[in-house]
């Protein structure tokens, strides 16, 4: 988990949730872009070195991953801005539904809410596509071939050849994390939330995607905009699924603008 500066209860509270296989450091540049008016906290998911592996006490779900963030929200009375990328976006949606009255704004970059794809007939091909990737990754992990599973994972989300282009240290880190990957996929695919429930989220929501988003997350972004009352969309030019890393300046600028505007609206309402 990272924090920016000393905690100050006068500042707005931003919780940023990272993608699968990454960590809190993903959001350091966002914290810098938001500046001193915000306390930015980036809790790390199970499978990260700071958090450790999933306990294995029962079948893993998004509720288990979301519990850490919900505890952060329950531990403060400050307004909360929630940000999530990919798997972190899926977790953020679960958190927002659990604490809808506490979320001032929600910002998502290609949230991996794969369960939505299974609820719409026109999303069948995209649902089959992501299930095939999940199966391929899980098969590699079960066989003990973590390297092959990691290569499949990286090349799907970043494009062919992405795995070979990674620095050895980054490859090694992803290989160590791979046993968590099937849990993430299963939690996202089996999340029980019906599509209609997202209409309950009334906070200002920004749903971003890359221009070159894979079919599943491109369709999820469109679905969420149609399901949520106050959601708007934005496409980041030339970016793919990993836009918050490859196009950090552009993505962070959109997040800052959305958070700032949502906060201004909140202040006008309480004035």
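Please find, among 138, 221, the residue that is assigned to a helix (DSSP H, G or I), touching a strand residue (DSSP E or B) at 6+ places or on another chain (Cβ under 6 Å) and touching a residue at least 40 places away in the same chain (Cβ under 8 Å). It would help to see each step written out before you state the result.
Numbers: 138 fails: touching a strand residue (DSSP E or B) at 6+ places or on another chain (Cβ under 6 Å).
221 is the lone residue from the list that is assigned to a helix (DSSP H, G or I), touching a strand residue (DSSP E or B) at 6+ places or on another chain (Cβ under 6 Å) and touching a residue at least 40 places away in the same chain (Cβ under 8 Å).
Does segment 58-70 include one or more residues that are in contact (Cβ under 8 Å) with a residue 24 or more places away in the chain, within 28 Å of residue 265 (Cα to Cα) and in contact with a strand residue (DSSP E or B) (Cβ under 8 Å, 6 or more places away or on another chain)?
Yes, there is a match, as at least one residue in segment 58-70 is in contact (Cβ under 8 Å) with a residue 24 or more places away in the chain, within 28 Å of residue 265 (Cα to Cα) and in contact with a strand residue (DSSP E or B) (Cβ under 8 Å, 6 or more places away or on another chain).
Among the residues of segment 250-262, which ones are surrounded by fewer than 19 Cβ atoms within 10 Å (Cβ to Cβ) and either under 20 Å from residue 156 (Cβ atoms) or in contact (Cβ under 8 Å) with a residue 40 or more places away in the chain (or both)?
Listed by number, the residues that qualify are 253, 254, 256, 261.
Report those helices (runs of 4 or more DSSP H) wholly inside segment 1-120 carrying at least 1 residues which are more than 17 Å from the chain's Cα centre (by Cα) and under 30 Å from residue 196 (Cβ atoms).
In segment 1-120, 62-74 are the helices (runs of 4 or more DSSP H) which contain 1 or more residues that are more than 17 Å from the chain's Cα centre (by Cα) and under 30 Å from residue 196 (Cβ atoms).
Please go through segment 224-238 and pick out each residue that is surrounded by 14 or more Cβ atoms within 10 Å (Cβ to Cβ) and part of a helix (DSSP H, G or I).
Those that are surrounded by 14 or more Cβ atoms within 10 Å (Cβ to Cβ) and part of a helix (DSSP H, G or I): 224, 225, 227.
Among the candidates 197, 251, 207, which residue alone is closer than 13 Å to residue 108 by Cβ, touching a helix residue (DSSP H, G or I) at 6+ places or on another chain (Cβ under 7 Å) and assigned to a helix (DSSP H, G or I)?
Being closer than 13 Å to residue 108 by Cβ, touching a helix residue (DSSP H, G or I) at 6+ places or on another chain (Cβ under 7 Å) and assigned to a helix (DSSP H, G or I) holds for just one of 197, 251, 207, which is 251.
All of the numbers you see were taken from the coordinates with simple rules; none came from a lab. Computed from a predicted structure; not experimentally measured. Here Cβ is always computed from backbone atoms with ideal geometry, including for glycine, and neighbour counts include all displayed protein chains.
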